[in-house]
Amino acid sequence: MSDSSQGDAMIVEQRHPARDAGQGRRVVVLGGTGFLGRPICRALADQGHTVVAVARTPRDIGSGVAVRALDLAAADVDEITEMLRDLDPDVVINSAGGMWGLNDAQMLAVNVTLVERLIEAAGRLPGRVRVIQLGSVHEYGLVPVDTSMPEGLRPAPVMPYGEFKLRCTTAVSEADRSGLIEGVTLRVGNVIGAGQPGHSLLGVVAGRLRDAQRAGARARLELAPLGSRRDFVGLSDVVAAVLLATTRPEAAGHVINIGRGVAASARDMVQLLIDSSEVPTDLVEAEQTGPAETSWQRLDVGLAAEVLGWSPSDDLHTEMKQLWEHAGAEVPA
């Protein structure tokens, strides 16, 4: 860390003396009413932090969490700066963004443009704010079967979403090195849990199963090939990692993988959801006619254990059950 960065750190300690004392912090969660943001806000509030959720459409997410209305995809740097100056956060968590149901231009706006504006706005504050960016396993692209993806692997995304998320990670890391912010990126696997986005594979399957259940009929699922193996991780595990990244000084400046370190087939995940639903189902899977967009993903999660003291759960049965119980109650960011 440079001398100027050390000076900035001292300013932060003087502005927020509780920051390194393990006490409650002021945390702003962008996209705080969405799939990831909502449980993150709830968990932060339960730990005694002062939490403000920021979202385009305000909605009640329980006691202890204030909600601020702001269209993050449209807000300019001045608007974001004004909001941050008003809220005076120790930590900003960016759980906004996304890919499901969005075209490339929309993905660019809610991912890259938002992060670039957030960094500039946070850099205008009198002290260094910790900015936690939720990145994606899709930043890595494809790797050979039976290999893991460590943080040191050179990213080579194969889809626009992965490219956009990689640009966000790069921007956060560069801003951290320059002393503009205290940056942390969590590269998250394919998340499973309550409130699963309806456009995702498991969200679509849950919706069709729920329709069949309501009709008292046997479900018939005709799906694309499900042979690709990916790193699926439970929503509660991701929330736990975010909470640790909020308070652990050692996390600053790192890009950290958050997954189970297991490559599970999409077919197994769909079957687990069918089993959790207990809906009689015929699963019809199309034959693979070309290369899978993402045929193999397995994150190396050793750094998360080292830096955050975090480890994933053994299985996804509880998360899948919660996904099913909440199916049909999708909450937009």
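The values are calculated or read from the model by the stated rules, or taken from the named source; none is laboratory data. All figures in this text were calculated on a predicted structure; none of them were measured in a lab. Heads up, the Cβs are rebuilt from the backbone with ideal geometry, glycines too, and the neighbour counts pull from every protein chain shown. To get the accessible areas, we keep the full protein, side chains included, count just its heavy atoms, and leave off ligands, DNA and RNA. Shrake-Rupley method; radii C 1.70, N 1.55, O 1.52, S 1.80 Å.
Only one of Ala219, Ala215, Ala206, Ala224 is modelled with pLDDT under 95, among the hydrophobic types (A, V, I, L, M, F, W, C) and over 20 Å from Ser95 (Cβ atoms). Can you tell me which? So that I can check it myself, show each step before the final result.
Values: Ala219 fails: modelled with pLDDT under 95; Ala215 fails: modelled with pLDDT under 95; Ala206 fails: modelled with pLDDT under 95.
Answer to the selection: Ala224.
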Which of the residues that make up the range 122-151 are in a loop (DSSP other than H, G, I, E, B), open to solvent by less than 10 Å² (accessible area, probe 1.4 Å) and under 22 Å from Ala304 (Cβ atoms)? Tyr140
So Gly179, is it part of a loop (DSSP other than H, G, I, E, B), out of contact with any strand residue (DSSP E or B) (no Cβ under 9 Å at 6 or more places or on another chain) and within 23 Å of Asp300 (Cα to Cα): no
Hey, can you tell me all the residues within the range 23-66 that are among the hydrophobic types (A, V, I, L, M, F, W, C) and part of a loop (DSSP other than H, G, I, E, B)? Phe35, Leu36, Ile61
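Inside the range 132-162, can you point out the residues that are in contact with an Asp or Glu (Cβ under 7 Å, 6 or more places away or on another chain) and in contact (Cβ under 8 Å) with a residue 24 or more places away in the chain?
Initially, the range 132-162 is screened for residues in contact with an Asp or Glu (Cβ under 7 Å, 6 or more places away or on another chain), giving 137, 148-150, 155, 157-160, 162.
Passing the criteria: Val137, Ser148, Met149, Pro150, Val158, Met159, Pro160, Gly162.
So that you can scan it fast, the table gives a plain yes or no per residue for (1) over 14 Å from Asp231 (Cα atoms); (2) in a helix (DSSP H, G or I):
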{"site": "Leu244", "(1), (2)": "yes, yes"}
{"site": "Gly261", "(1), (2)": "no, no"}
{"site": "Leu272", "(1), (2)": "yes, yes"}
{"site": "Val284", "(1), (2)": "yes, no"}
{"site": "Ala304", "(1), (2)": "yes, yes"}
{"site": "Val307", "(1), (2)": "yes, yes"}
{"site": "Pro312", "(1), (2)": "no, no"}
Across the range 65-83, which residue is most open to solvent (accessible area, probe 1.4 Å) among those that are closer than 14 Å to Asn111 by Cα and under 20 Å from the mean Cα position of the chain (by Cα)? Asp71
Kindly indicate whether any position in the range 142-152 is modelled with pLDDT of 95 or more and of a type in the set (Gly, Ala, Ser). yes
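Just to be sure, is Ala215 surrounded by fewer than 16 Cβ atoms within 10 Å (Cβ to Cβ) and over 20 Å from the mean Cα position of the chain (by Cα)?
Values: surrounded by fewer than 16 Cβ atoms within 10 Å (Cβ to Cβ): yes; over 20 Å from the mean Cα position of the chain (by Cα): yes.
Answer is yes for this residue.
How many of the residues in the range 213-242 are of a type in the set (D, E, K, R) and part of a loop (DSSP other than H, G, I, E, B)?
From the range 213-242, those of a type in the set (D, E, K, R) are 214, 218, 220, 222, 229-231, 237; that's our starting set.
Next, only the ones that are part of a loop (DSSP other than H, G, I, E, B) stay: 218, 231.
Total meeting the criteria: 2.
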Considering only the range 25-64, how many residues are basic (Lys, Arg) and open to solvent by less than 50 Å² (accessible area, probe 1.4 Å)? 1
If we scan the range 236-258, do we find a residue that is at pLDDT 95 or above, buried (at least 20 other Cβ atoms within 10 Å of the Cβ), closer than 30 Å to Ala206 by Cα and more than 14 Å from the chain's Cα centre (by Cα)? no
Which of (1) part of a helix (DSSP H, G or I); (2) open to solvent by less than 60 Å² (accessible area, probe 1.4 Å) is the odd one out, the single condition Glu163 does not satisfy? (2)
Please go through the range 121-155 and give me each residue that is among the hydrophobic types (A, V, I, L, M, F, W, C) and within 16 Å of Arg298 (Cβ to Cβ), ordered by number. Val137, Leu142, Val143, Val145, Met149, Leu153
